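Q: Quick one: structure below, then a few questions.
The values are calculated or read from the model by the stated rules, or taken from the named source; none is laboratory data. Since this is a predicted model, take the numbers as computed values, not measurements. Note that we place each Cβ from the backbone using ideal geometry, even for glycine, and neighbour counts take in every protein chain shown.
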Amino acid sequence: ASTLDPEVKPQLSTGGNVAAAGIVGKKVAERAIAAGITRVGFDRSGFRYHGRIKALAEAVRENGLKV
């Protein structure tokens, strides 16, 4: 999922903010659970755990995936 996804894009006013990351995280979790995935790993690639990265990870957790 990304901010360019046709299911996600109408929900956004802009694609580069914390709110957008949360929406994308929710969509990622929904699709993973639908595919039978319940656990995922999260590699932040050296980025600090705050802002958009934190919002994405928290949305994934809140929507049923174990990180």
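Q: Can you name the residue in the stretch 39-54 that is part of a loop (DSSP other than H, G, I, E, B) and either aromatic (F, W, Y) or touching a helix residue (DSSP H, G or I) at 6+ places or on another chain (Cβ under 6 Å) (or both) and is also surrounded by the fewest Cβ atoms within 10 Å (Cβ to Cβ) among such residues?
A: That would be Y49.
Q: Could I ask something else about it? Tell me whether the stretch 18-33 contains one or more residues that are part of a helix (DSSP H, G or I), over 17 Å from D5 (Cα atoms), at pLDDT 95 or above and not basic (K, R).
A: yes
Q: Could you grab me the full set of residues in the stretch 34-61 that are under 12 Å from A19 (Cα atoms) and of a type in the set (D, E)?
A: Hit for the stretch 34-61 is E58, nothing else.
Q: Scanning the stretch 1-38 for residues that are of a type in the set (V, I, T) and more than 16 Å from K66 (Cβ to Cβ), which turns out surrounded by the most Cβ atoms within 10 Å (Cβ to Cβ)?
A: V24
Q: Considering only the stretch 55-67, state which residues are in a helix (DSSP H, G or I) and either surrounded by fewer than 17 Cβ atoms within 10 Å (Cβ to Cβ) or out of contact with any helix residue (DSSP H, G or I) (no Cβ under 8 Å at 6 or more places or on another chain) (or both).
A: Selection gives E58, R61, E62.
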